[in-house]
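Everything below concerns the one structure shown next.
We did not get these values from a lab; they are worked out from the coordinates using the rules stated. Keep in mind it's a predicted model, so treat the numbers as computed, not measured. Don't worry about glycine lacking a Cβ; one is built from the backbone with ideal geometry, like all the others, and counts go over all protein chains shown.
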Number of protein chains: 2
Amino acid sequence: MAGKRETKKEELRERVLKAASEIIEAHGVSGLRARDIAERVGCALGGLYTVFADLDELILHVHSGTLKRIEEQLRGSVPEAATPRETFRHLALAYLAFAQDNRNLWKALFEHRLPEGAAPPDWHLAQQAFLIQLIAAPLSIAMPGANPDALAIRARTLFGAVHGVVSISLEDRFTGITPGHLEDEVAALADILAEGIAATRDAV
Amino acid sequence: MAGKRETKKEELRERVLKAASEIIEAHGVSGLRARDIAERVGCALGGLYTVFADLDELILHVHSGTLKRIEEQLRGSVPEAATPRETFRHLALAYLAFAQDNRNLWKALFEHRLPEGAAPPDWHLAQQAFLIQLIAAPLSIAMPGANPDALAIRARTLFGAVHGVVSISLEDRFTGITPGHLEDEVAALADILAEGIAATRDAV
DNA sequence: GCATGAAAATGAACGTTGTTCAATAATAAA
DNA sequence: TTTATTATTGAACAACGTTCATTTTCATGC
């Protein structure tokens, strides 16, 4: 029965990842404790460190799963024959919906910090590329003359804009907007951006 | 010599606040340690807890100073006779400049979390109101028909949009834009928003 | 099957946090 | 000066993440 070691280890890794994801969604990333994970998956405290280097690495892998789910949800939100403006609206609202439905996992993406001086690994940065591409595609129609680099930069700006509105509304830090208003505002922002891009097209 | 007690206490409080602010700006809010503060101001560890309830309260007061400085910088950035569109641009660029020049203090505003379930005190929420008002004023000219509530909501949305772009660019989490491009992009976003608001005026 | 070496699992122990509190020192009042 | 408050002190505590000598489990060669 060869490979039993790897199988068990892989299985433990999956269970740890799942437990961490559930704890984060339930209590936020700051509520994630090594001892809680160990107890939940039924292994010793030290066992965690045989499948992940430390909690930071584990959290990065939770993020990885979250990003995959965001990608799915965004891709599924845009109808086939949507215009650029409709696409912006669908993407923005789908992003908001994911954040609302998976608040703590989504918040963890942005509120978790690596130790001072540690940069996120390349595979994690690469996984975020789809966001920019999803926006750059319709944008290239709205900005026919722009080169790919300019498109990528502008797409990141647009993502930042929508993300910012969702972000300060879902954080408890600021006085919030009611969920219904929030949807209207995100939709309004998507429209404003689409109109604004059309209007400033030649100013780029 | 009456009042010596209060004087000393007030003085300690100020020194603690200053030390905390300096440490945060130097090492980020996660680099703030009670023992470091105590050593720097030359008091015992327990002394900190005679002037602030805990580190969270201390950090909130650091935020307070940061917000005051942001308000100053934003108010000073808008020329007297600026049009709404010019105002948006000045405010957005001033916000970016503050974030770039005071990175860790600015980041601390958004990355520091209160313990689960604890809401920010009212005086802290109230201190953020100027941001909305600064934006709502020019917006009221660009959206002549809108009522004060709608203006406030839309102003928050616009702040969120600009904040989001600054935010994801200055975090190390995402692949960044070079500072020069960033300024261009924030200015471009301000213009896009101004144009978009004008174009969607009747759709509100 | 059994013995042997390698790998994984264990959990007590360590270092570093924020916070507390009995003991001490300093100040105001008498 | 004496006495009663009040502030300051820093050792001690609890809760973390992480490590590592020890034990247990598994794969391999006879």
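Taking the Cα centre of chain A as reference, the dipole from Cβ charges on Lys and Arg (+1) and Asp and Glu (-1) amounts to some 560 debye. In summary, region B:115-204 shows an alpha-carbon radius of gyration equal to 1.29 times the 2.2 N^0.38 Å reference for compact globular proteins.
If we count every other residue with Cβ under 14 angstrom of A:I177's Cβ, Lys/Arg +1 and Asp/Glu -1, where does the sum land?
Values: positive: A:R173, B:R154, B:R156; negative: A:E171, A:D172, A:E183, A:D184, A:E185, B:D149.
Every neighbour counted, the sum reads -3.
Charge dipole of region A:1-52 (Cα centre as origin; +1 on each Lys and Arg Cβ, -1 on each Asp and Glu Cβ, all else neutral): 220 debye, rounded to the nearest 20.
Could you state the orientation-averaged shadow area of the convex hull built on the Cα atoms of region B:1-52, in nm² to one decimal?
Working: hull surface 13.9 nm².
Its average projected convex-hull area is 3.5 nm².
Dipole magnitude for region B:31-152: computed about the Cα centre from +1 point charges on Lys and Arg Cβ and -1 point charges on Asp and Glu Cβ, it is near 340 debye. Neighbouring Cβ atoms from other chains, within 10 Å of the Cβ of residues in B:184-197, number 6 on average.
Using alpha carbons only, the radius of gyration of region B:56-155 set against its Kirkwood radius gives Rg/Rh = 1.01. The HN-Hα couplings worked out from phi for region A:119-125 by the Karplus form 6.51 cos²θ - 1.76 cosθ + 1.60 (θ = phi - 60°) are 8, x, x, 4, 4, 6, 5 Hz, whole numbers, x standing for Gly and Pro. Evaluated on the protein assembly as shown, the Kirkwood hydrodynamic radius is 23.1 Å, with distances taken between all distinct Cα atoms.
Any chance you could run the full-extension gain for A:E183 through A:W123? It's 0.36 nm times the residue separation minus the Cα-Cα distance, nm to one decimal. Walk me through the numbers on the way to the answer.
Numbers: separation 60, 0.36 × 60 = 21.60 nm, distance 3.21 nm.
Contour length minus the Cα-Cα distance gives 18.4 nm.
Backbone amide hydrogens, once placed in the peptide plane, bring B:T83 within less than 5 Å of nothing, excluding anything fewer than 5 places away on its chain. The count of lysine pairs in the protein assembly as shown with alpha-carbon distances below 26 Å, taking only pairs 8 or more places apart or on different chains, stands at 17. Think of region A:65-203 as a dipole: +1 on every Lys or Arg Cβ, -1 on every Asp or Glu Cβ, centred on the Cα centre; then among A:P121, A:I153, A:F174, A:P121 lies furthest on the positive end. So what is the diffusion coefficient of chain B in µm² per second by Stokes-Einstein at 10 °C and 1.306 mPa s, using a Kirkwood Rh over Cα pairs? Once the numbers are plugged in, D ends up at 84 µm²/s.
Checking every one of the trypsin sites (Lys or Arg not before Pro) in region A:1-44 against DSSP loop status and a limit of 15 other Cβ atoms within 10 Å picks out A:R33.
Between A:E11 and B:S30, take the C-beta separation as r, use R0 = 25 Å, and let me know the FRET efficiency to the nearest 0.05. Provide the component values of the computation, followed by the final result.
Values: r = 34 Å, r/R0 = 1.34.
About 0.15, to the nearest 0.05.
The C-alpha atoms of chain B define a longest principal axis, and helix B:129-142 lies at about 10 degrees to it.
Positive-end ranking of A:V78, A:S21, A:S64 along the dipole of region A:11-119, with charges on Cβ about the Cα centre, is headed by A:V78.
Exposed loop positions in chain B were taken to be GluC sites (Glu not before Pro) whose DSSP state is not H, G, I, E or B and which have at most 11 other beta-carbon atoms within 10 angstrom. Between these positions, the longest stretch is B:117-204.
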